[in-house]
Amino acid sequence: MFGFFRNYFSNDLAIDLGTANTLIYMRGKGIVLNEPSVVAIRQEGGQNGKTTIHAVGKAAKQMLGRVPGNISAIRPMKDGVIADFTVTEQMLKQFIRMAHPSRLFAPSPRIIICVPCGSTQVERRAIKESALAAGASEVFLIEEPMAAAIGAGLPVNEAAGSLVVDIGGGTTEVGLISLGGMVYAGSIRVGGDKFDQAIINYIRRNFGMLIGEPTAELIKKRIGSAFPGSEVMEIEVKGRNIAEGVPRTFTVHSNEILEALSEPLNQIVVAVKNALEKTPPELGADIAEHGLMLTGGGALLRDLDQLLKEETGLPVHVAEEPLNCVVKGCGIALENMDKLRTAFAVG
């Protein structure tokens, strides 16, 4: 009886537990939370002392690279899967509480979480168990390309091929979908984080300067591009000069960032080409007609659609709200659990 009441007062949730951001969709309310997947942990009383969660989400992200000795700001998700189990569990607990301001009972909702299609059984079980420990009554898993395709409004249940490329923070997922199931799924551990790392390495090598991840991300967003454009943009960046050991300001141009990003972008192009090579001919005809859909935060990189169009010769579309596609797809699967039963992954 008590269990019935708890479930009655708990709204079901769909969670996109990403490397960079965690989004939560609540049944009947839409997206209720969008926070960075970052946790700040405070260590009290030396090395073996008590650890407490100092901040999560936006507050913790501002601390990245700026923390004192007794606080560490960490990202518990790496390459789309859990790198630190206990911290992820605590982070999920906090996020569910933020999304679920239920006063009377501790929430115990049914939860749908998306997982990378290249994740192992062990990694999937870790995600499932951390959600159960965070207070879920039941956990369902859905593969990211499937959720992204549903969220982008592709006709996943029809007898037609839909190719979706979801570029997240940790992974790039390529999925070919027909009749509510995955015909082909490929996953490479290249995403927004690898772009940032490529920029850091390039600036260190060519400018002799050290910059942090937040600065690299800013450069990527402001002047990053995937295809040589007509206009050259520039940005002023502050970092530490390696030779002198003092902070300096320097200018970076967009064609230099294009060069820096060429390697991770090339890996994404290869992953898309691999998917096209393994596509059955009939579905290939559908893709030649409708093209492929880009989703995820990486789809916001300037001219990425242009690069894929040039490399594959297919029409390339960017989803309307690429950052929200996966969580929207999870939400639609949550609202239509019976119709989209085939979309759920085994974990």
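The values are calculated or read from the model by the stated rules, or taken from the named source; none is laboratory data. What you see is a predicted model; the values in this text were computed from it and never measured. Using ideal geometry, Cβ is built from the backbone for each residue, glycine included, and neighbour counts are taken over all protein chains shown. Remember, those area values only see protein heavy atoms, side chains included, never the ligands or the DNA or RNA. Shrake-Rupley method; radii C 1.70, N 1.55, O 1.52, S 1.80 Å.
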request  = Look at segment 163-185 and say how many of its residues are open to solvent by less than 10 Å² (accessible area, probe 1.4 Å), in a strand (DSSP E or B) and not β-branched (Val, Ile, Thr).
outcome  = 5
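Per-residue answers, yes or no, for (1) more than 17 Å from Glu144 (Cβ to Cβ); (2) surrounded by fewer than 20 Cβ atoms within 10 Å (Cβ to Cβ):
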position: Leu258; (1), (2): yes, no
position: Ser262; (1), (2): yes, yes
position: Leu265; (1), (2): yes, no
position: Ile268; (1), (2): no, no
position: Ala275; (1), (2): no, no
position: Leu283; (1), (2): yes, yes
position: Met293; (1), (2): no, no
position: Gly298; (1), (2): no, no
position: Leu301; (1), (2): yes, no
message = So, in segment 128-148, how many residues would count as being open to solvent by 10 Å² or more (accessible area, probe 1.4 Å), within 24 Å of Ala185 (Cβ to Cβ) and in a helix (DSSP H, G or I)?
response = 3
task = Please indicate, with yes or no, whether at least one residue in segment 200-216 is buried (at least 19 other Cβ atoms within 10 Å of the Cβ), closer than 19 Å to Val318 by Cα and of a type outside the set (S, T, N, Q).
result = no
query = Considering segment 186-198 alone, what residues qualify as being open to solvent by less than 60 Å² (accessible area, probe 1.4 Å) and either at pLDDT 95 or above or not in a strand (DSSP E or B) (or both)?
reply = Val190, Gly191, Gly192, Asp193, Phe195, Asp196, Ala198
message = Quick test for you: out of Gly65, Gly49, Gly45, pick the one residue that is free of Cβ contacts under 8 Å to residues at least 40 places away in the same chain, more than 28 Å from Ser137 (Cβ to Cβ) and open to solvent by 50 Å² or more (accessible area, probe 1.4 Å).
response = Gly45
task = Examine segment 24-44 for a residue that is among the polar types (S, T, N, Q), touching an Asp or Glu at 6+ places or on another chain (Cβ under 8 Å), at pLDDT below 90 and over 20 Å from Ala131 (Cα atoms), and state whether such a residue exists.
result = no
inquiry  = Which of the numbered conditions does Gln47 fail, given that it passes all the others? Conditions: (1) in contact with a Gly (Cβ under 9 Å, 6 or more places away or on another chain); (2) at pLDDT below 85; (3) not aliphatic (A, V, I, L, M).
reply    = (1)
query = If you check every pair at least six apart or on different chains, which have Cβ atoms under 9 Å apart with a residue in segment 259-273 that is free of Cβ contacts under 8 Å to residues at least 40 places away in the same chain first and a residue that is loosely packed, with under 14 Cβ neighbours inside 10 Å and not in a loop (DSSP other than H, G, I, E, B) second?
reply = none
task = Could you please find all residues in segment 316-329 being within 25 Å of Ala285 (Cα to Cα) and open to solvent by 50 Å² or more (accessible area, probe 1.4 Å)?
result = His317, Val318, Glu320
ask   = Has segment 225-241 got at least one residue that is closer than 29 Å to Leu179 by Cα, of a type outside the set (Asp, Glu) and either open to solvent by 90 Å² or more (accessible area, probe 1.4 Å) or modelled with pLDDT of 95 or more (or both)?
value = no
key: Filter result for Met98 (open to solvent by 30 Å² or more (accessible area, probe 1.4 Å), at pLDDT below 90 and not in a helix (DSSP H, G or I))   = no
request  = Return a yes/no flag: does segment 306-319 have any residue that is in contact (Cβ under 8 Å) with a residue 60 or more places away in the chain and more than 26 Å from the chain's Cα centre (by Cα).
outcome  = no
